[in-house]
Structure formats: C-alpha cells, structure tokens
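Structure first, commentary second.
No lab work stands behind these numbers, since they all come straight from the coordinates. Model, not experiment: these values are computed from the prediction. Here the Cβ positions follow ideal geometry from the backbone for every residue, glycine too, while neighbour counts run over all protein chains shown.
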Amino acid sequence: MTAVMLSTMIVLLLLGFPMMMPLIVATLAGFFFFFEMLNPTIIIQQMVSGVKPTALIAIPMFILAADIITRGHSADRLLDLVMRCVGHIRGGLAVTVATTCTLFGAVSGSTQATVVAVGGPMRPRMLKAGYDDAFTMALTINASDIAFLIPPSIGMIVYGVLSGTSISELFIAGIGPGLLILAMFSIYAVIYAWRKQIPVEPKASRSQRLLALRRALWPAGFPLIIVGGIYGGIFSPSEAASICVLYAILLEVFVFRSVKLKELPEIALSTSLVTAVVFILIGVGAAFSWALSYAEIPQTLIAALHLADAAPTTVLISIAVAFFIGCMFVDPIVVMLILIPIFLPLIRSSGLDPVLVGTMITLQVAIGSATPPFGCDIFTAIAIFRRPYMDVIRGTPPFILMLLATSVLLVLFPQIALLLRDLMLP
Amino acid sequence: AGVQAETWKYSIEVSQGDIQDLYAQEFKKRIEQKTDGDVEVKIYYGGTLGTSADTTELAANGALQFANVSLGHLGSFVPEIQLFSIPFILSESNDVNKKLMTESKTVFEDMAPDFAKSGLRLMSIYSEGEDAWAANRAVRSPADLDNFKMRILVSPLQVEAFKDLGSSPTPLPFGEVYGALQLKVIDGVGNPISSIYQSKFFEVTDHLISARHQLFTSAIVTGEDWFGSLPPARQQLVQETLKEVSIHMMDEVPRLEEQFLAKILEEKPQMEYIRLNEAQRDLFRERAEKTRGKFVELVGDNGRQVLDNFLAEREQWEAQLN
Amino acid sequence: MHALLRGLDRVDGWISRFEAWCLSASILLMALNTVVNVFGRYLFSQSLYFSEELNQILMVIVTFMGLGYVTRTGRHIRMSAFYDLLNDRRKKALMLVITFSTALTLFLLSYYACLYVAKVAQRGMITAALQIPVYWTLLVVPLGLFIGGLQYGLAFIKNLQSRDIFLSFSALDVYDETSAAGEVSP
Ligand code: NA
Ligand code: NA
C-alpha cells in the first residue's frame with residue numbers, strides 16, 4: 001500500500017498536476033484498494049476537519065493585514081525606517097529579514113502567517129536592493145521556521161503533552177538551537193551579500209533617521225500589537241492578527257487615506273484566494289495522513305527498523321530522520337501526533353534526555369515545513385509571491401544544509417539545547 | 001483460538017498514560033482474554049484519526065469499533081446528554097455514580113433511539129475524576145470567580161453553567177490552553193487532575209482547586225450498525241466487559257487522583273492545593289440550581305422529563321446504597 | 001469565437017462573481033467576528049461563545065468556494081519542472097490529460113461530499129455553539145468541489161478548442177509578473 005500511494009504521488013507530482021491531485025489520488029487509491037470496507041466519505045470529513053483548527057485563522061488574518069498595509073503606506077514607512085538603520089551595512093537588510101521572521105514567527109505561532117506578513121512587504125525591498133529572488137524567498141521561508149524552536153512553540157507543547165515532558169524545559173531548550181540557526185543564516189546572508197556585491201546605501205544622517213522614525217510612529221503600532229498583545233496575554237495570535245486588520249484599516253483608510261473603504265472587499269478577495277490555495281492543500285493533506293495512520297503505515301515502517309536495542313545516538317538519529325522524512329510529506333503537527341506515540345517506548349528505554357529528543361524533533365519539524373515536495377511554507381510562498389514552484393525552492397539547498405548541520409551539531413553537542421535549561425533549572 | 005484475529009479499532013482522545021488510555025488497555029486485556037484470541041484491540045491515540053467529533057462519526061460509520069470521547073462532545077449528537085454538564089448533578093457517592101453511569105435507564109434506554117438516529121450506540125460512561133480547576137488565582141467562593149476567565153468546551157450549556165457559577169466562560173481549543181494559561185489570557189481551566197498533570201497545566205498555574213462540583217465524564221460509543229451485526233452472545237460480552245471496566249476504573253480513579261495530585265505537588269511544591277469544605281461548596285451548589293433550568297430551556301420539553309427521571313434514579317440509588 | 005465558448009464564458013462569469021462575493025464576505029466576517037470577540041472579552045467580560053465555531057464555518061467556505069475560484073484564476077500550486085521541459089504539442093496533450101482527470105476527480109469528490117452531507121443531515125447533528133444543523137455548514141463542500149470540477153472541465157474544453165495552452169478557462173499557462181502580495185489577476 002505504501003508503495004502504491006507513494007508512487008502514484010510522485011508520478012502525478014512530476015507530471016505537473018495541481019498539487020492537490022497527488023494527495024487526493026493517493027488517498028483514493030488507499031480507499032479503493034486497501035480499505036474497501038470503508039466509506040470514502042471519510043475523505044470529505046477529514047478534508048473539512050483539516051481546515052477547522054482555530055489557530056489557522058491567524059493565516060488569513062495576517063494575510064489581510066499585510067495586504068492592506070502593503071497597498072497603503074504603513075509597510076513602506078516601517079521599511080524606510082529599517083533601511084535608514086541598516087541600509088548602509090552590506091547584508092543588513094537580509095539579516096533584518098531573517099531576524100524579523102524569527103521574531104514574528106515566534107510570537108505569532110504560525111510559520112505560514114510569517115511568510116506572508118514579513119515576506120509580503122519585505123520581498124520587494126530585498127529585490128530592489130539587489131538580492132536574488134530565489135535567495136530572498138528561501139531566506140524568508142527558512143527563517144520563519146526557526147520560530148518552531150523559539151517559545152511559545154506549538155510543536156513543543158504537542159511533544160510535551162504526548163511524551164509527558166516538561167513544556168517549560170522544552171521551551172528553554174529550543175532557544176539555543178534557534179539562535180544558532182539564526183546566527184548561521186545571518187552569517188550566510190552577509191557572505192552572500194559580499195559575494196554578490198549587493199550595493200549599500202549611504203549611511204543615513206541623524207535627522208534622516210529621526211524623520212523615518214517619525215513617519216513610522218503610527219505603523220509601529222503593528223509590532224506593538226503583535227508582540228505586546230500576545231506576550232502580554234491580551235490576546236491569542238489569531239486575535240492579534242485580526243486586531244492588526246482593524247488597526248490597518250484605521251491607519252490606511254482613516255489616517256493616511258491611502259486605501260478606500262470600498263476597496264476592502266477586493267482586498268479581502270485576494271486574501272481569500274491566497275488562503276484557499278494553501279488551505280485546500282491542508283485539507284487534502286489531512287485526508288492523506290488519515291489514511292496513513294489508519295493503515296498504521298508509520299508503525300509498520302518503523303518496526304522494520306529494529307531499533308529496540310540500538311544505541312541512544314542511533315535512536316536519536318533515527319528519530320530525526322523519521323521526522324525529517326515524515327515532514328516532507330505531511331503536516332508537521334500531524335507527523336508529531338502520529339510518530340511520537342510510536343517512538344515513545346524507544347525514547348524511554350534508550351535513556352535519552354526527553355528534552356533533547358523534543359528539541360531534535362521540533363528542529364526536524366522546522367526543517368520539514370520548508371523542504372520539498374510538500375512543505376506548507378513553500379505552498380504559502382508560492383501563493384503569496386506568485387512564483388512557480390521551482391523558483392521558490394531554488395534557493396533552499398544552502399539553508400537546508402545549514403539546518404542539517406545544526407541537527408548533526410545537536411547530536412554531537414546536546415549542550416546546545418540543554419545547557420541553558422541546566423543553568424536555569426538546576 | 002481463531003486462525004485470524006478480528007481487529008477492533010478503538011480510539012481515545014488523549015495520549016499514553018492518561019485515564020482514557022488506562023481504560024482502553026484494561027478493556028483490551030479483558031476482551032482479548034475472554035474472546036480467546038478471536039479479537040485483537042488496536043488503540044489509536046488522540047488526534048491521529050481526527051477530532052473527538054471525527055472519531056465519533058467514524059464509530060458511527062463503522063470505520064472504528066469504539067471511540068472514547070468526553071461526554072461534552074456528544075451534545076451535538078444527542079442534546080439531552082448535556083445533562084452531565086450541569087454542576088452537582090451527580091451524587092456525592094462513588095457507588096451511586098457507578099450505578100448511574102452504567103445502568104441509568106434515563107440515559108441508556110430512553111436516549112438510545114436518539115443515539116441510534118446518529119448511527120451511534122452509547123455503551124458505557126465513566127468518570128475520569130473530578131473536574132478540578134488549575135488556576136492563576138485562588139478560588140474559594142463564587143465571588144472569587146468574578147471576572148475569572150474559565151476555559152470551557154464550546155457548548156451553550158457549559159457557557160451557562162460557568163456563568164451561573166460566577167465566572168466568565170471563555171471557549172478555547174484544548175491545544176491552546178497551555179499557552180493561554182502561561183500568558184494569562186485565561187485564568188483557569190477545569191480538567192481531571194490526571195489530565196492537569198498529563199497536559200502540564202500545573203506548570204503554568206499556581207492554584208489547584210477542588211470544588212468537587214462536577215465529575216469529568218467520558219463515554220464509550222460504538223456504531224449502531226456494527227454492534228447490531230455482532231452475534232447476540234458477542235454483543236452481551238462486549239456490553240458486560242465495558243460495564244466491568246467502567247466500574248473497575250471508577251474504583252481506581254480516586255487512587256489515581258491521589259497519585260497524580262502527589263506528582264503535581266512533588267514536581268511543583270509551591271502549588272497551592274485548595275480543597276473546598278462543605279460550607280464553601282454549598283455556595284456553588286446553590287448557584288448550580290439555575291443551570292438546571294437552563295438545561296430544560298435548551299433541550300426543550302423533553303429536558304424536564306430527562307432531568308426529573310435522572311434525579312429520581314439518583315435518589316433511588318442513594319436510598320438503596322447508603 | 002464559437003457560440004459554445006461565449007455561452008460558457010457567461011456562465012463562468014456568473015459563477016465567478018458569486019464565488020468572489022462569498023469569499024470576500026467570509027474573510028471580512030471572520031475579521032469582524034474575531035475583533036468583536038476580543039472587545040467583548042475585555043469590555044464586557046463576555047466572550048462570544050459561537051465565535052470559534054463561526055470562524056470554522058467561514059474557513060470551510062473560504063477553502064471550498066475558493067477551490068473553484070483558485071482553479072479559475074489558474075493559481076493552483078503545481079510542480080511544473082518536468083512539464084516545462086516538454087515541447088508545446090506534448091504540453092498540450094499533458095494539459096488535456098491533467099484538466100480532464102482533475103475534473104473527474106473533483107466531480108467524484110463532489111459526489112462523495114453529497115453522500116457525506118446527506119448522511120450528516122440524516123443523523124440530525126447540530127453544532128455545539130450556534131445550535132444549527134451541521135449539514136447546513138457543509139453544503140458549500142459539494143458545491144465548491146463541483147464548481148472546481150466544472151472549472152477544470154471548462155479548461156479542458158478551452159484547451160480542445162484553442163491553440164494556446166490554458167491552465168483554466170481564463171488563465172493562460174504563464175506566470176504573470178505581478179508579484180505584489182496576493183494581487184488578483186484581472
Ligand atoms: Na514559536
Ligand atoms: Na516538507
């Protein structure tokens with residue numbers, strides 16, 4: 001069954017079918033040939049159920065807010081301020097994008113929302129500054145995924161609950177690897193900028209900076225709403241997103257008068273289009289992974305590895321590989337729900353620190369969301385940037401290499417994750 | 001023993017080691033033994049086959065043989081079952097509750113046609129323990145719940161019940177509760193002590209309050225069609241075994257609650273455990289009277305009948321057993 | 001231009017205006033609903049208990065009504081690396097296969113969705129918060145899948161009738177260069 005589903009998928013994928021088709025046809029094949037007893041209406045149930053999680057609301061809301069401020073003045077003003085501060089440093093803009101993605105993703109809890117909210121307004125600036133599009137998109141996608149490791153991290157909560165590991169400890173353990181990756185990306189970005197000789201702007205004078213700051217005063221409310229609102233416990237990420245929509249409307253329609261109220265339905269339409277492109281795949285992906293877990297395919301595959309008596313390091317590496325591969329095809333959270341219970345006895349008997357395992361799994365999940373063929377963040381980038389699939393993934397290999405290097409470092413030096421925890425929680 | 005075991009798929013809402021898992025394991029052990037290898041029970045953990053609503057539907061479709069879902073989720077299939085969401089509706093006696101949850105005519109016979117209409121059969125109910133509050137604030141009286149954002153399941157009756165108790169009910173998906181408690185978006189959550197431990201809510205709260213206002217009830221449902229297709233002897237075997245397991249679990253739960261409480265207090269010594277006394281509980285009990293009226297309003301004409309019958313049963317068992 | 005195509009063009013226009021209205025309204029309502037819930041919680045200590053459920057219903061509408069609209073504008077994500085290597089004649093043949101089989105698949109799913117909705121209706125489930133029949137909230141599913149199938153069917157016909165290669169009835173197989181966040185192609 002695995003072979004049939006997988007080969008169907010790959011053939012349809014390569015032939016250029018719309019991305020939902022490989023998933024639908026593989027799922028239908030599962031139902032027709034392997035669970036003849038089952039009613040295929042389950043596929044519909046799972047497609048519907050897949051797009052219902054409340055946390056997903058953050059995606060259309062951030063898209064809408066980003067859409068409004070990009071058409072209006074807010075995005076430009078915020079970016080002018082950024083340029084005045086870092087424009088004279090080679091690679092400065094790219095490092096800013098990486099850092100913003102990490103922070104925004106950490107706070108919003110949604111990597112897809114990050115790709116949209118940061119990538120949407122920032123990408124044109126990056127292109128204008130002379131960065132390559134492939135580099136820009138890959139940087140945005142991969143930097144957004146660092147957010148999985150920075151608290152609050154939904155992946156770590158899921159792991160903590162499933163494995164009975166302290167979530168607070170996991171949160172702290174994620175920070176080290178998260179910052180390490182950000183540092184690697186930043187260094188890479190600077191090297192890239194030097195090699196490409198990306199032109200720099202003359203250093204802004206004090207008065208220019210002050211002017212930029214003054215112009216960005218109103219739009220500075222956005223980071224305030226998002227960071228202050230969420231960390232301050234005033235609202236959930238999806239609520240913060242909708243408050244951003246409200247604020248964007250107030251600013252652009254009433255303060256700056258750059259967007260007309262009657263343009264809103266049209267903006268909402270374009271938001272819905274981007275949302276639908278991604279959500280159809282989330283829904284179909286849910287049906288696909290349902291078929292996988294119903295047939296217990298992951299269990300079968302993992303049992304075949306005979307890991308029962310393996311050395312702890314082997315177990316850790318196997319777990320990392322399994323999650324990496326799983327996340328290539330299925331939504332990361334779903335992969336966690338399916339695989340963690342399977343690996344749990346092994347984690348317990350191996351004597352590995354469950355916090356280390358959790359950090360490793362979260363890292364793989366972060367990598368997986370940005371790796372082809374099925375990565376939700378790739379889909380989001382395609383939908384929002386309107387570039388073909390291959391263009392979007394062209395720049396990703398160096399980033400994936402850096403992420404894999406981090407995985408190897410984590411196996412060799414678990415202190416990257418555990419040191420901070422041991423210091424803070426003696 | 002049969003040559004090829006028949007596989008019964010059984011889904012729970014939570015992860016390994018939770019009370020629902022212990023129940024499932026116990027059922028698996030007993031039924032596999034009784035059927036002498038004819039049947040193998042396969043347990044699917046929370047989320048892998050969908051939400052609680054999904055797995056309930058899957059049971060109705062026959063894709064799963066058994067689904068363990070918390071009773072709060074069954075209200076969309078059979079509104080009358082929200083009876084169990086009314087605070088103080090159950091007895092103070094565990095023995096009486098065992099009877100009510102396994103034998104109540106009001107629930108298992110009178111509601112059966114409604115479940116059957118949804119393709120379901122309600123097999124058994126059991127308690128996962130009291131619904132304790134893991135909270136950012138100490139609560140000793142209804143007044144302490146003023147402006148207290150209590151996480152609830154989405155259901156109109158729960159909204160009413162927690163308004164009546166004095167709090168501001170805030171519906172929130174389970175997955176967001178930990179983060180919301182940590183950032184103090186909500187002030188507390190009501191869950192069995194076992195799940196407060198398992199879901200790590202104790203890490204992000206300072207007070208654990210036992211008001212014993214409600215038991216967290218869980219149900220085993222199966223598909224009406226599938227169950228009907230079993231030979232009568234097998235039907236009876238399944239029914240009996242589930243009843244046995246429910247009674248066994250409800251005998252175990254008080255001990256498990258102690259264990260989980262001890263674990264919480266050991267891992268977080270500064271956690272303040274507040275056990276309300278009878279006088280304090282009475283203040284909450286009075287307020288729950290109103291919720292009964294709201295139940296009747298919500299469910300309609302039938303609601304009054306259901307409520308009266310159930311309370312009569314409770315009284316009858318209380319008289320008989322105490 | 002063939003009369004058939006003109007007729008189809010008109011039908012396509014009606015459907016798309018209807019879809020656009022649903023989509024746009026759903027997104028705005030989602031924002032409104034969420035904002036009001038936040039204000040309710042802080043100003044009146046009162047959450048909208050149906051807020052989450054309404055958002056879920058709107059998400060389902062956006063996803064499934066969006067399916068048709070996304071198809072119409074040729075925005076579905078595809079990996080065209082191998083396809084792009086083909087010559088135009090083979091591309092055309094492959095596109096005919098793609099549009100035809102995708103249309104059939106979506107019609108099949110639409111049929112399953114009808115069965116599913118009928119089953120849910122028969123079971124009489126009501127939603128937890130709004131207390132409305134669950135099947136009402138699902139009607140958009142078969143409809144959206146059907147329109148999606150129809151759009152691919154139209155694309156198939158267009159590809160048969162025309163010399164160019166069409167991703168959908170109205171979208172040519174080229175990426176336009178408008179790259180601003182989520183701009184709708186005219
Ligand atoms: Na995060
Ligand atoms: Na992936």
Fluctuation leader among A:SER74, A:SER108, A:SER318 - chain A, Gaussian network, Cα springs under 10 angstrom: A:SER318
The stretch A:296-370 versus the stretch B:1-70: alpha-carbon centroid distance in Å: 24 Å
Average beta carbon contacts from partner chains per residue of C:100-113, 10 Å cutoff: 4
Globularity index of the stretch A:181-276, i.e. its alpha-carbon radius of gyration over 2.2 N^0.38 Å: 1.48
Eligible lysines near B:LYS268 by straight Cα distance, threshold 17 Å, same-chain separation 8 or greater: B:LYS200
Test item: A:233-243 mean partner chain Cβ contacts at 10 Å: 6
Chain A: DSSP helices with Cα axial extent of at least 30 Å and average Kyte-Doolittle hydropathy no lower than 0.0: A:167-195, A:264-294
Separation between Cα centres of the stretch B:155-223 and the stretch C:72-114, rounded to whole Å: 47 Å
Alpha-carbon Debye profile of the stretch A:39-424, log10 I(q)/I(0) at 0.07 Å⁻¹: -0.32
Sum of -39500 (n - 2.57) over DSSP H runs of 4+, divided by residues of chain C (222 nm, nearest 500): -24500 deg cm²/dmol
Candidates C:ALA121, C:ALA81, C:ALA171, ranked by Gaussian network fluctuation over chain C, Cα under 10 Å, top entry: C:ALA81
Greater than 26 Å apart at Cα, pairs in A:LYS52/B:LYS149; B:LYS28/B:LYS99; A:LYS128/A:LYS262; B:LYS34/B:LYS263; C:LYS91/C:LYS158: A:LYS128/A:LYS262; B:LYS34/B:LYS263
For peptides B:311-320, B:268-277, sequence by mean Cβ density within 10 Å, most packed first: B:311-320, B:268-277
B:SER11 long-range amide H proximity, modeled H, under 5 Å: B:TYR44, B:PHE66, B:ALA67, B:ASN68
Relative contact order of the stretch A:39-424, defined on C-alpha pairs under 8 angstrom at six or more residues apart (%): 28 percent
Low-density loop positions, chymotrypsin sites (Phe, Trp or Tyr not before Pro), the stretch C:1-94 - DSSP coil, at most 12 other Cβ in 10 Å: C:PHE44
Proximal aspartates and glutamates relative to B:LYS117, as straight alpha-carbon distance under 16 Å, when same-chain residues fewer than 8 apart are discounted: B:GLU57, B:GLU80, B:GLU109, B:GLU224, B:ASP225
Shielding by other protein chains, B:21-31, mean Cβ within 10 Å: 0
Share, in percent, of DSSP beta bridges within the protein assembly as shown that are antiparallel, nearest 5: 55 percent
Stokes-Einstein diffusion coefficient of the protein assembly as shown, Kirkwood radius over Cα pairs, 37 °C, 0.692 mPa s, in µm²/s: 113 µm²/s
Amide H partners (placed H, <5 Å) of B:SER168, local residues excluded: B:ASN147, B:PHE148, B:LYS149, B:MET150
Along principal axes, Cα extents of chain B, largest first, whole Å: 61, 45, 36
Cβ crowding within 10 Å averaged over residues, with B:155-164, A:253-262 ranked highest first: B:155-164, A:253-262
Of all DSSP beta bridges in chain B, antiparallel share, percent nearest 5: 55 percent
Rule-of-thumb Rg ratio for the stretch C:2-174 [Cα; 2.2 N^0.38 Å; N residues]: 1.27
Gaussian network model of chain B, springs between alpha carbon atoms under 10 Å - residue of B:ASP146, B:ASP301, B:ASP251 with greatest fluctuation: B:ASP301
